[in-house]
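FYI, it's all coordinate maths here, none of it is from the lab. In this text the structure is predicted, and so the values were computed from the model without any measurement. So basically every Cβ, Gly included, is an ideal-geometry build from the backbone, and we count neighbours across all protein chains shown.
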Amino acid sequence: MAESRRVEPDLTFIKELTTAGGDTLKKCFQCATCSIVCPISPDDKPFPRKEMIWAQWGMKDRLVKDPDVWLCHHCGDCTAYCPRGAKPGEVMGAIRKASVEYYAPIKAIAKAAGSVGGMIVLLIIPVVILLAMLAVNGTLHIPEGKIVYSKMFPQLTLVDPVFISAALFAIISAIIGIKKFWADITTEKIGVGMPLGESIKSTIAEILAHSKFKECGENKNRLTAHRLVFWSFVGLFIVTNSVLVIHWLHEFGYVHYDTPLLILKPTKAPVQFLIKLLANVSAAALFLGCILMIGNRMQAAEKGVNSTFNDWALIFIITTVCITGILSEVIRLLELKVAYVVY
């Protein structure tokens, strides 16, 4: 006999979902067309029908802990074939937003990131911190002479403290949230999954290949954009850390800029040339990926498949960082003082 459960609808949660992009939620008649047409929905625990039912009932406790919402790639198949126009893909996006807010260590930040006003505040805060650090370092002005970014942004007293602290904050927050989420989804184990080693191997393979995007029917072209953005970030991560390591090896006297590890004159240093080459190729790939991603989402919107504010905010931030990063290099080479502002 199935276990009985008393349903206590969370009306506030339902309102949050409708505001976050799931405004078509009440149109769902639970016909299961969405679960049938979804190419990546598993046979043993199909989605998004059960999520649509739980969302209509305001069952926040189940939805925020539901791992299946993270399997959804929002390819748009369910939205395209829904006979009622309930747009399950958009509802799943709203649920993911709620889940992120629920597991975030600092919920105020996660909640603020989900609105235009909150996002503006979150963007202003680092600007204020950066200006304060410039003032403390006595570099809150445009330096004279040849453009060298470290004149205005000292590595030891500004760049490293600020950005390493920001990175640690993000990593620690992610670990805390994921640990709590993992604890919740493992309280009720259903069946036996793959061995741990196999699971890790298949997960890494999927992350590297993004193969699930190939199974989407409506938006298969998103595969190229996501691969470009992902692999460009991998390349830029390698570049950033390579430059960081070489810089501090030089500062401590282990590397001299007239050795093969030189990072400023590519004609004399193969390693430097490879680092710069990887940096520029990755930047170009990131820019192309962002443009394709924006184009794909605009085309999807014309078909009725809409993205959430969080999706657009992330794309906007990545694209802005990419463009200003490329301009920082180009304008520096042109020896224009505005390079410091762009940087």
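Which value in nm describes the separation of the simple spin-label points at residue 244 and residue 61, placed 7 Å from the Cα toward the beta carbon?
Once both label points are built, they end up 4.2 nm from each other.
Find how many whole Å separate the alpha carbon centroid of the range 21-42 from the alpha carbon centroid of the range 199-217.
23 Å
Roughly what would the spin-label model give for residue 298 and residue 120, points 7 Å off Cα along C-beta, in nm?
Here the modelled spin labels are 2.4 nm apart.
Just how large is the dipole of the chain about the Cα centre, in debye to the nearest 20, putting +1 at every Lys and Arg Cβ and -1 at every Asp and Glu Cβ?
Result for the chain is approximately 280 debye, rounded to the nearest 20.
With the dipole of the chain worked out from charges on the C-beta (+1 for Lys and Arg, -1 for Asp and Glu) around the Cα centre, which of 123, 196, 136 lies farthest toward the positive end?
Among 123, 196, 136, the one farthest towards the positive end of the dipole of the chain is 123.
Ordered by residue, what ³J(HN,Hα) values in Hz, to whole numbers, does the range 114-119 give under the Karplus form 6.51 cos²θ - 1.76 cosθ + 1.60, where θ = phi - 60° and Gly and Pro are x?
For the range 114-119, the Karplus curve yields x, 9, 4, x, x, 5 Hz.
Under a Cβ-Cβ limit of 4.7 Å, which cysteines in the chain have nobody to pair with?
28, 31, 38, 72, 82, 290, 322 - these cysteines have no disulfide-compatible partner (Cβ-Cβ under 4.7 Å) in the chain.
What nm distance separates the two modelled labels at residue 234 and residue 327, each placed 7 Å from Cα along Cα→Cβ?
Inter-label distance under the simple model: 3.0 nm.
What percent does the relative contact order of the range 11-103 come to when contacts are Cα pairs within less than 8 Å and at least six residues apart? If you can, show how the numbers build up before the last one.
On the way: 132 pairs, mean separation 37.3, N = 93.
Relative CO of the range 11-103 lands at 40 percent.
Pull up the cross-link candidates among the lysines for residue 60, meaning alpha carbon to alpha carbon under 24 Å and not fewer than 8 places away within one chain.
Correct list for residue 60: 15, 26, 27, 45, 50, 87, 97, 107, 111, 179, 180, 189.
Which of the peptides 72-83, 273-284 is most tightly packed, and how do the rest follow, judged by the mean count of other Cβ atoms within 10 Å per residue? The partial results should precede the final answer.
Values: 72-83: 21.1, 273-284: 16.2.
Answer by packing, highest mean first, reads 72-83, 273-284.
Order these by the 10 Å Cβ neighbour count, fewest first: 125, 318.
Numbers: 125 11, 318 17.
Going from least to most buried by this count: 125, 318.
Run lengths n ≥ 4 of DSSP H only: what is the helix-derived mean residue ellipticity at 222 nm for the chain, with -39500 (n - 2.57) per run over all residues, to the nearest 500?
On the way: 15 runs with 211 residues, N = 343.
Value at 222 nm, helices only: -20000 deg cm²/dmol.
Give the peptides 334-340, 36-42 in descending order of average Cβ contacts within 10 Å, highest first. Each step should come with its number before you reach the end.
Values: 334-340: 13.6, 36-42: 16.1.
Highest mean packing first, the order is 36-42, 334-340.
Could you point to the label whose value was computed as log10 I(q)/I(0) by the Debye sum over Cα atoms at q = 0.11, 0.12, 0.13, 0.14 Å⁻¹ for the structure here, given (i) -0.80, -0.92, -1.03, -1.16; (ii) -0.86, -1.04, -1.22, -1.40; (iii) -0.89, -1.03, -1.16, -1.28?
Checked against the structure: label (iii).
What's the ranking of 86-94, 101-109 by average number of surrounding C-beta atoms within 10 Å, highest first?
Numbers: 86-94: 27.0, 101-109: 15.7.
Result, highest mean Cβ count within 10 Å first: 86-94, 101-109.
So, with +1 on the Cβ of K and R and -1 on the Cβ of D and E, and no other charges, what is the size of the charge dipole of the range 11-103 about its Cα centre, to the nearest 20 debye? Write out the running numbers ahead of the final one.
On the way: 13 positive and 11 negative charges, 55 e Å.
Roughly 260 debye for the range 11-103.
From the phi angles alone, apply the Karplus equation (6.51, -1.76, 1.60; θ = phi - 60°) to the range 327-337 and give each ³J(HN,Hα) in whole Hz, x where the residue is Gly or Pro.
Residue by residue, the range 327-337 yields 5, 4, 6, 5, 5, 5, 5, 7, 6, 9, 4 Hz.
Using +1 at the C-beta of Lys and Arg and -1 at the C-beta of Asp and Glu, which of 330, 12, 299 has the Cα lying farthest in the positive direction of the dipole of the chain?
Projecting each Cα onto the dipole axis, the largest value belongs to 299.
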